[in-house]
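All remarks here apply to the structure that follows.
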Amino acid sequence: LNELIAEGVRGRYILVRSDLNVPLDGSTVTDDGRIKASLPVLSKLTDAGARVLVTAHLGRPKGAPEDKYSLRPAADRLAELAGFKVTLAADTVGDAAKAAAASLQDGEALVLENVRFEARETSKDDAERGAFADELVALTGGNGAYVDDAFGAVHRKHASVYDVATRLPSYQGDLVHTEVEVLRKLTADTQRPYVVVLGGSKVSDKLAVIDNLLGKADTILVGGGMLFTFLAARGHKVASSLLEKDQIPVVQDYLKRAEDAGTEFVVPTDVVVAGKFAADAKHETVAADAIEGSSFGAQGIGLDIGPDTAAAFSERIKGARTVFWNGPMGVFEFEAFAAGTRSIAQALAETDGFTVVGGGDSAAAVRTLGFSDDQFGHISTGGGASLEYLEGKDLPGLSVLDR
Ligand code: 3PG
């Protein structure tokens, strides 16, 4: 990015892909971490006199405008935080965007409406995506450049991430740069013990990363909804808890391979079971091998790790020199089932080792539970992107810049 700024950007239209995919409650941004993380690059460019066109997505609309996926709340929050003028165009590449871009002044930013309101953004067809990319590029006049600063989206081969970079002089934004530097430390010359905490609902989302961590991580602590598939793989009944039956053999294979690879899986010994999935559900703590023995019987749903497990996990975390955490330990959105996630966040905050929190949900969890960003080594803005980086996959948004 500094290279681009040194070349001179005053008066030029610079297309910046940012990650403004923030959680909303109605029109309120509930975690503005990604917006704050996007600001430095936008400020650098506007300070240098660029006319910045920001592209971003929010949620997963189906290729057509939908009010609930408008970038309005994110753009408003960005405007509040920014020291430069920020406006939102009513469409992405239509007449509104063209008119707003034409009247943009040096040092101002225009957020184009959700790129996923265009089906061509995510199309599998190169020509379709290319045509949309051409329209984005056209907004930059003849002298534009592209900056990819949306680390959270680098794993997507989408028009605003990938195809525009094949059409404009392209640069890596500072956020992408920092994220890659940090994640590299988790894949090479990692300081050990290296403890990985995995949670979240589905084990099927984590298979590739687990595969890649066997032999690299010393310990993998398993929590969240996915823990029940691990318990089932060990032959325990899990009542009505989340279970991916088809993944049981896969998990059994991992448990076996982990032993040979020198990676230890630590699976909960106690869980918090509720009678229903609700904030005010009655609940009790039971041993992980006795879930059906709770007073809810076969109706019981595990919604958090238990206190013994939280203590055992915390001990491992505090003894680590590197910790990567992805995925909440329980349904932290309900206070009654937030204790496990809170304990893990606390343990990360207290460890002397280098800690990385990855994933939109985990980042939102630590912030909504009252922790501040500076209590952790790094809070990644990437969810799927950070996992795919750790899986060792090619990330189209990064490799296109290398080219
Ligand atoms: C994320 O939330 O991980 C990124 O913004 C990417 O969103 P997506 O999974 O909808 O592509």
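Could you please give the count of residues in the range 333-347 that are modelled with pLDDT of 95 or more and either more than 23 Å from the chain's Cα centre (by Cα) or in a loop (DSSP other than H, G, I, E, B) (or both)?
Applying the first criterion (modelled with pLDDT of 95 or more) to the range 333-347 yields 334-347.
Subset that is either more than 23 Å from the chain's Cα centre (by Cα) or in a loop (DSSP other than H, G, I, E, B) (or both): 334, 336, 338.
So the count comes out to 3.
Please state which one of Val356, Val331 is assigned by TED's automatic domain parsing to the domain that holds Ala232 and touching a His at 6+ places or on another chain (Cβ under 6 Å). Walk me through it before giving the result.
Numbers: Val331 fails: touching a His at 6+ places or on another chain (Cβ under 6 Å).
Going through Val356, Val331 in turn, the sole match is Val356.
Could you look through the range 348-387, keep only residues that are part of a helix (DSSP H, G or I) and of a type in the set (Asp, Glu), and pick out the one that is nearest to Arg156 (Cα to Cα)?
Ranking the candidates gives Asp361 first.
Could you tell me which of the residues Asp174, Asp189 is surrounded by fewer than 18 Cβ atoms within 10 Å (Cβ to Cβ), among the acidic types (Asp, Glu) and at pLDDT below 95? Quick ask: steps written out before the conclusion?
Details: Asp174 fails: at pLDDT below 95.
Asp189 is the lone residue from the list that is surrounded by fewer than 18 Cβ atoms within 10 Å (Cβ to Cβ), among the acidic types (Asp, Glu) and at pLDDT below 95.
Just name the residue that is nearest to the ligand (Cβ to nearest atom) out of those in the range 11-25 that are modelled with pLDDT of 95 or more and out of contact with any Lys or Arg (no Cβ under 9 Å at 6 or more places or on another chain).
Taking the candidates together, the pick is Arg17.
Looking at (1) surrounded by fewer than 21 Cβ atoms within 10 Å (Cβ to Cβ); (2) within 16 Å of the ligand (Cβ to nearest atom); (3) over 23 Å from His177 (Cα atoms), find the lone condition where Leu104 falls short.
Unmet for Leu104, out of (1) surrounded by fewer than 21 Cβ atoms within 10 Å (Cβ to Cβ); (2) within 16 Å of the ligand (Cβ to nearest atom); (3) over 23 Å from His177 (Cα atoms): (2).
Output the number of the condition that Glu108 fails; it satisfies all remaining conditions of (1) in contact with a helix residue (DSSP H, G or I) (Cβ under 9 Å, 6 or more places away or on another chain); (2) without any contact (Cβ under 8 Å) to a residue 12 or more places away in the chain; (3) of a type in the set (D, E, K, R).
Of the numbered conditions (1) in contact with a helix residue (DSSP H, G or I) (Cβ under 9 Å, 6 or more places away or on another chain); (2) without any contact (Cβ under 8 Å) to a residue 12 or more places away in the chain; (3) of a type in the set (D, E, K, R), the odd one out for Glu108 is (2).
Those residues that are more than 11 Å from the ligand (Cβ to nearest atom) and among the aliphatic types (A, V, I, L, M), I need them from the range 358-403; list them, please.
Ala365, Val366, Leu369, Ile379, Leu390, Leu395, Leu398, Val400, Leu401
Using the structure shown, decide if Gly130 is assigned to a helix (DSSP H, G or I) and more than 21 Å from Leu4 (Cβ to Cβ). Full working, then the answer.
Values: assigned to a helix (DSSP H, G or I): yes; more than 21 Å from Leu4 (Cβ to Cβ): yes.
Yes.
Exactly one condition in (1) within 15 Å of the ligand (Cβ to nearest atom); (2) touching a strand residue (DSSP E or B) at 6+ places or on another chain (Cβ under 7 Å) is false for Thr309; which is it?
Every condition holds for Thr309 apart from (1).
From (1) within 16 Å of the ligand (Cβ to nearest atom); (2) surrounded by fewer than 20 Cβ atoms within 10 Å (Cβ to Cβ), pick out the condition that doesn't hold for Ser70.
Ser70 satisfies every listed condition except (2).
Are any of the residues in the range 203-214 in a strand (DSSP E or B) and closer than 18 Å to Thr341 by Cα?
Our first condition is that a residue be in a strand (DSSP E or B); within the range 203-214, this holds for 214.
Applying the additional criterion that residues be closer than 18 Å to Thr341 by Cα yields none.
No.
Within the range 25-38, count every residue that is buried (at least 17 other Cβ atoms within 10 Å of the Cβ) and out of contact with any strand residue (DSSP E or B) (no Cβ under 9 Å at 6 or more places or on another chain).
Going residue by residue through the range 25-38, those that are buried (at least 17 other Cβ atoms within 10 Å of the Cβ) are 29, 31-35, 37-38.
The next check asks that each one be out of contact with any strand residue (DSSP E or B) (no Cβ under 9 Å at 6 or more places or on another chain); those that pass are 29, 31-32, 34.
Within the range 25-38, residues that are buried (at least 17 other Cβ atoms within 10 Å of the Cβ) and out of contact with any strand residue (DSSP E or B) (no Cβ under 9 Å at 6 or more places or on another chain) number 4.
Please specify each residue of the range 161-191 satisfying the condition of being within 16 Å of the ligand (Cβ to nearest atom), part of a loop (DSSP other than H, G, I, E, B) and under 18 Å from the mean Cα position of the chain (by Cα).
Matches in the range 161-191: Val161, Gly173.
Output the number of the condition that Asp260 fails; it satisfies all remaining conditions of (1) surrounded by fewer than 19 Cβ atoms within 10 Å (Cβ to Cβ); (2) closer than 20 Å to Arg321 by Cα; (3) among the acidic types (Asp, Glu).
It is condition (2) that Asp260 fails.
Counting only residues that are in contact with a helix residue (DSSP H, G or I) (Cβ under 9 Å, 6 or more places away or on another chain), under 24 Å from Asp106 (Cβ atoms) and either within 16 Å of the ligand (Cβ to nearest atom) or small (Gly, Ala, Ser) (or both), how many does the range 122-160 have? If you could, list the steps in order and put the result at the bottom.
Within the range 122-160, the first condition is being in contact with a helix residue (DSSP H, G or I) (Cβ under 9 Å, 6 or more places away or on another chain), and the residues that meet it are 122-123, 126, 128-141, 144-160.
With the extra rule that they be under 24 Å from Asp106 (Cβ atoms), the set shrinks to 135-141, 144-150, 160.
Applying the additional criterion that residues be either within 16 Å of the ligand (Cβ to nearest atom) or small (Gly, Ala, Ser) (or both) yields 138, 141, 144-145, 148-150, 160.
Adding up the residues that qualify gives 8.
Looking only at the range 34-63, count how many residues are among the polar types (S, T, N, Q), more than 16 Å from the ligand (Cβ to nearest atom) and within 15 Å of Glu80 (Cβ to Cβ).
Residues of the range 34-63 that are among the polar types (S, T, N, Q), as a first pass: 38, 43, 46, 55.
Retained after the next criterion (residues that are more than 16 Å from the ligand (Cβ to nearest atom)): 43, 46.
So of that shortlist, the ones also within 15 Å of Glu80 (Cβ to Cβ) come out as 43.
So the answer is 1.
Taking into account only those residues within the range 1-49 that are assigned to a strand (DSSP E or B) and hydroxyl-bearing (Ser, Thr, Tyr), which is nearest to the chain's Cα centre (by Cα)?
Our first condition is that a residue be assigned to a strand (DSSP E or B); within the range 1-49, this holds for 13-17, 24-25, 28-29.
Checking the rest, the ones that are also hydroxyl-bearing (Ser, Thr, Tyr) come to 13, 28.
Numbers: Tyr13: 28, Thr28: 19 Å.
Restricting to residues being assigned to a strand (DSSP E or B) and hydroxyl-bearing (Ser, Thr, Tyr), the top hit is Thr28.
Note down all Cβ pairs under 8 Å where the first residue falls in the range 226-248 and is on the phi > 0 side of the Ramachandran plot, the second is modelled with pLDDT of 95 or more and not in a loop (DSSP other than H, G, I, E, B), and they're at least six residues apart or on different chains.
Correct list of pairs: Ala239/Val273; Ala239/Ile291; Ala239/Glu292; Ala239/Gly297; Ala239/Ala298; Ala239/Gln299; Ala239/Ile301; Ala239/Gly302.
The values are calculated or read from the model by the stated rules, or taken from the named source; none is laboratory data. All of these numbers come straight from a predicted model, not from anything done at the bench. Neighbour counts run over all protein chains shown; Cβ positions are idealised from the backbone, glycine included.
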